[in-house]
Every structure is written in structure tokens, then in C-alpha cells.
Amino acid sequence: MKITRGLYSTILTLLSPALLWKAQKETTELNNFSERLGYTPSLPIKPVIWLHAASVGEVIAATPLIDRLQQQFDQHLLVVTTMTATGARQARKALKGKGTQLMIPLDLPWFANRFLDSLKPEVAIIMETEIWPNLIHGCHQREIPLVFANGRLSERSMLSYQKFKETTEEVLADIYAVAAKSQEDAQRFIELGAPRDKVSVTGSIKFDINPAPELLEQGQELKESLFGERPVWVAGSTHAGEDERLLEAHKLLLQEHSDAVLILVPRHPQRFDDVADLIESQEFSFKRRSRDEGFEESDQVLLADTMGELMLMYAASDIAFVAGSLMPIGGHNLLEPASLGKPVLSGGHLFNFADVAETFDQHKALIRCSDPADIFAQLRPLVELPDLRRELGEKVMAVVESNRGALDKQFAIIEQAMKSRKSA
């Protein structure tokens, strides 16, 4: 049976009570449920750029683009929509107090029309994958150019969308462009109906991360002042259930290298005191970064209980473990330590950064660990062999460098889309 856009809307209408009930659970304290129905709050009178990033992973991927859009189009209002509550909170962080975050409406024609008529965006940008037929069709009706940025379609996603191929062919025929992450992603968009001449391969903007030039120097100064020549590894953005495992791995490392230091950086500030209690209960000698105390020779752990210093802690370390990955949380930004040339370790749960992890894996530049004994087994040679540590650090840095440049290419496409509307 051919599923046209009309039939798709009928099916969605029948499912809407369940979908809206589910969506209600994804509304944050700063969002109204009415946003799911296409209503928007009163917005500043400015030309609008609309960017949609479904969840945390897409928002993280979009952050360099959000920064660039805010810099280059500071007279516009950037509106970022998300599907999930966690994505909404991440989007508000990325917007840094500027712009507006909303929940995306259910993709029914009357909700989509209400949303687009309220926003009147000059351009629509959808991050990565999501194909919303009625929102995309609504953009086409209003001559709003629509760009898929960081376009990504897994084999599994393509097979799901192919069940609605008549619908995807209809709506993708009228988009402005797809800026695909890879040749494989580009081909899948084409197979779903995107015109070949509107699809280009730009790479992933996730790799366009540029730490402050002075950061490494600041990190080295901090390392020397606190730890001297001691080997230092950092566990960044830890969650409940991970700290215990990382401390156990550190205990094993201390049996072989009694001078080793672990910098533990909890993801959420409300956990700082709990993690301090945990470290103390494990009988480690430690200091809290917030108290600005000297780090003694007998100290084994530094609890980084400050805000905004994760990158500095990475810069002050020899080896980086990116947490959120020992538990099914999805992982955090592998590119942060990699962009500083640090060897990168992680757990196995990396679904928020699956594409980045895959790129690292292709170059054998990521060390995945499963449990405390495995973490220790991977740390030990990196502590003992400076050449190995340097080699892996250079390898991850090379991966980052070779994949940079996507942001400029994708931003140029978006700029051209905006110009095309003004000249139409």
C-alpha cells in the first residue's frame, strides 16, 4: 500500500492521543505543552532562523553551528526546537541566554501550519535525520528554504523511512539542500527522494571544535603546579554509578603506580558532595578543586567540583576517560580531549556520539573499556610508555584535524539558502 502524505497525516491523527501523551512527559519546566500543538509564546519582533535538533546528541552536534549563526546573524532570532526534554535543556545551554528554545509540534498539518505561520522563519535547518513531512511541506508552501545539516541516515533509519517512500519522495523533492555527513549518508538521502543535485557531502560539524589556543599552556601550568611530574588521568563528565568503577580502576593503578593521580569531574554540580563522600568512603586521600587547596604528595584524587573547567582538566591530564559511557547514558564529547591531543578512553555506551566513535574506530584511535579491571589494563601501558601515549594522542588529533571544515561548508549552504529566499 502506498502511504502518501495524506494517509500519513490520517495515521498520525489516529495515533495523536498516544503521541501527545508521550510528548507531555518530554516537556520541561520552561516549556508549555501547547508548543506541541504549534502554539508559540510571544517572540521578539526579529527575522527568525529556525533550527531543529531532536535530542541531546543532535544539539551537541549543532552547537558549533548555533554559535556561528548567532555570531553572523546577530540581528536575527535563532529558534531551536527539540523533541526531548534533555535536548531542550542542552539547547538552552548552547544558546547561552540568547535565542529561544521550543518543543517541536506534532507533525500534523494544522499544528505545522500554526507553528510556521507564527515563526515565519527565513530558513529552516533540520539537524541530521528527522524527516517531518507536514513541516517540510509547510516550508515549501511558504517558500522557506529547508536545509538538512550534518545529514545522517543509518541503514536502519533508511529502512524505516522506506515504508513511507512515496511520502519522503514527495517532500524531499522540494528541499533546498542536504549537507550530508558522508558519501553513504548522501546516497541514502538520494534513495529516499532527495534530488541528487541538492545533496552534497560536507563531513560532520562535530569535528569543528577549536579549543582556546592558550588552553594547553594553562593546563600544563596547572599540572606542574599541582602534580609536578606525576602521571595524571582524568575522568570527565561522570554520572552516578560510574564514579565507583573509576575509583576502583584507580585503586588498581595505584598498586602499580603509587604516584598516579585521578581527576574526577562529575557531570552535574548537585552530585559534587555525594562524590566527595564516595571518595572519602573509599579511603582515598583527596582534595576538592573548589577549595583551592594545595595538592599534597600523599593525595591521590582531585575532585573537580567547579563549573566550566572540564576542558582545563583535560588539558592538565596525560590521559582522558570520557564518561557517560560506562552506563547506558550515551557518552559525552570524545572530541573535547581529542582536540587537545590526549589519548581517549571510554566505556561502551556511545550512542550519542556513535558517528564520532565510528570515525575514531576506523583509525584505531579510541580505547573502549568495559569494567574497572579493563580500564586499569588500558591505563597501565599508557602511564608506563610515554611514546605510546604520544602516539595515540597524535592519532586522535590527526582524526580531528582531517575531519575539520564541515562547519564552513554547511554554513555557506545555509547562507545561500537565505539569499535565495530574499532574491525570490
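Every number in this text was worked out from the coordinates using simple rules, so none of it is lab data. Small disclaimer: the values here were computed from a predicted structure and weren't measured. Heads up, the Cβs are rebuilt from the backbone with ideal geometry, glycines too, and the neighbour counts pull from every protein chain shown.
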query: Which of Ala249, Thr202, Pro266 sits farthest toward the positive end of the charge dipole of the chain, with +1 on the Cβ of Lys and Arg and -1 on the Cβ of Asp and Glu?
result: Thr202
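Working out 0.36 nm times the residue gap between Gln72 and Glu143, then minus their Cα-Cα distance, what length gain in nm do you get to one decimal?
Values: separation 71, 0.36 × 71 = 25.56 nm, distance 2.26 nm.
Extending this stretch completely gives an extra 23.3 nm.
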Inter-label distance for Gln282 and Glu191, nm, one decimal - labels placed 7 Å from Cα along Cα-to-Cβ: 4.5
- line: Heads up, region 1-115 by the C-alpha gyration tensor (a ≥ b ≥ c square roots of eigenvalues; a/c under 1.5 rounded, else a/b over b/c prolate, else oblate) looks prolate
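Of the listed peptides 32-45, 84-97, what is their order by residue-averaged count of other C-beta atoms within 10 Å, with the highest listed first? Write down the numbers at each step before the final one.
On the way: 32-45: 14.2, 84-97: 19.1.
Highest mean packing first, the order is 84-97, 32-45.
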statement: Computed about the Cα centre, the charge dipole of region 215-402 from +1 Lys/Arg and -1 Asp/Glu charges at the Cβ has a magnitude in debye, to the nearest 20, of 400
Eligible aspartates and glutamates near Lys206 by straight Cα distance, threshold 17 Å, same-chain separation 8 or greater: Glu58, Asp67, Glu128, Asp185, Glu336, Asp355, Glu358, Asp361, Glu401, Asp408
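May I ask for the net charge around Arg152, where only other residues with Cβ less than 13 Å from the Cβ of Arg152 are counted and Lys, Arg are +1 while Asp, Glu are -1?
Numbers: positive: Arg156, Lys181, Arg188, Lys206; negative: Glu58, Glu128, Glu130, Glu155, Glu184, Asp185, Asp355, Glu358.
Result for the local shell: -4.
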- prompt: Alpha carbon centre of region 60-89 versus region 308-336: separation in Å?
  reply: 23
query: By how many nm would the segment from Glu296 to Asp274 grow when fully extended, if each residue of separation counts as 0.36 nm and the alpha-carbon distance is taken off?
result: 5.7 nm
Region 99-154-region 266-296 distance, computed between alpha-carbon centres (Å): 45
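Rounded to the nearest 0.05, what FRET efficiency is calculated for Ser258 and Gln24 with R0 set to 41 Å and r the Cβ-Cβ distance?
That gives a FRET efficiency of 0.15.
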query: What order, most packed first, do the peptides 357-366, 221-230, 122-131 have when packing is the mean number of other Cβ atoms within 10 Å of each residue?
result: 122-131, 357-366, 221-230
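Taking all pairs of distinct Cα atoms, average 1/r, flip it, and tell me the Kirkwood hydrodynamic radius of region 286-341 in Å to one decimal place. Don't jump to the answer; show the numbers that get you there.
Values: mean 1/r = 0.0781 Å⁻¹.
One over the average 1/r among Cα pairs gives 12.8 Å for region 286-341.
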query: Which FRET efficiency, nearest 0.05, do Lys98 and Phe351 yield, Cβ-Cβ r, R0 30 Å?
result: 0.55
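For Asp371 and Ala412 in the same chain, what is the full-extension length gain: residue separation times 0.36 nm, less their Cα-Cα distance, in nm? Before the final figure, lay out each step's value.
Values: separation 41, 0.36 × 41 = 14.76 nm, distance 4.41 nm.
Full extension from Asp371 to Ala412 adds 10.4 nm.
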query: What does the charge dipole of the chain about its Cα centre add up to, to the nearest 20 debye, if the Cβ of each Lys and Arg holds +1 and the Cβ of each Asp and Glu holds -1?
result: 2140
task: For region 218-371, restrict the atom set to alpha-carbon positions and state the Rg and Dmax in Å.
output: 14.5, 42
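Could you order the peptides 330-338, 251-259 from most to least packed, using the average number of other C-beta atoms within 10 Å per residue? Intermediate results must be reported in sequence, preceding the final value.
On the way: 330-338: 24.0, 251-259: 14.3.
Output ranking for 330-338, 251-259: 330-338, 251-259.
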Cα→Cβ-extended label distance, 7 Å offset, between Glu214 and Met327, nm: 3.7
- prompt: Among (1) 134; (2) 183; (3) 147, which is the computed volume of the Cα convex hull per residue in Å³?
  reply: (3)
